[in-house]
Amino acid sequence: ALQENNCGLLMNLSHHHVSLKDRIGAAGGCEWLVERIKSAPNNNRVVANASGALWNLANNHPTNASKIMLAQGPSLIIGAVSRDPMGGQIDICENACGLVACLAGISVGGELNKRLLMGAGAVEMA
């Protein structure tokens with residue numbers, strides 16, 4: 001429950017607050033969230049909250065988006081969606097799609113990001 005709540009807290013703090021996005025990213029928050037997904041891939045609440053926080057952190061923030069890409073965040077998120085093909089965990093699906101859309105739309109490294117996302121299975125996820 002602690003990891004779930006910590007991820008939820010970061011999701012709420014990073015929603016529409018650029019200065020907090022900067023601080024969370026600089027403190028290693030993007031990588032920490034990816035590690036939470038890696039350490040608890042079957043805990044749907046942790047994955048949903050962490051993916052929501054990553055979506056918020058990546059949204060209109062190329063630095064955080066790059067950190068998420070480098071930490072292999074998309075492949076973990078896409079993997080979580082593929083483990084639930086019927087979409088039983090709608091929060092995970094929604095947050096994963098939002099994150100992938102943000103990462104694909106970032107102008108810095110945009111074409112490379114798109115290729116990496118396709119390689120991670122983003123096309124099949126959609």
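How much length is gained if the chain between residue 18 and residue 101 is pulled fully straight, taking 0.36 nm per residue apart and subtracting their Cα-Cα distance, in nm to one decimal?
Net length gain for the segment: 28.0 nm.
Expressed as a whole percentage, what fraction of the accessible surface of region 7-103 belongs to carbon and sulfur atoms when a 1.4 Å probe is rolled over the protein heavy atoms?
57 percent
In nm, give the distance between the simple-model label positions of residue 27 and residue 82, each being 7 Å from the Cα along the Cα-to-Cβ direction.
Once both label points are built, they end up 3.4 nm from each other.
The values are calculated or read from the model by the stated rules, or taken from the named source; none is laboratory data. Bear in mind the structure is a predicted one, so any value in this text is a computation, not a measurement. When we count neighbours, we look across all protein chains shown, and the Cβ atoms used for this are built from the backbone with ideal geometry, even at glycine. When the accessible area is computed, the model is the full protein with side chains, heavy atoms only, and any ligands, DNA or RNA have been set aside. Shrake-Rupley method; radii C 1.70, N 1.55, O 1.52, S 1.80 Å.
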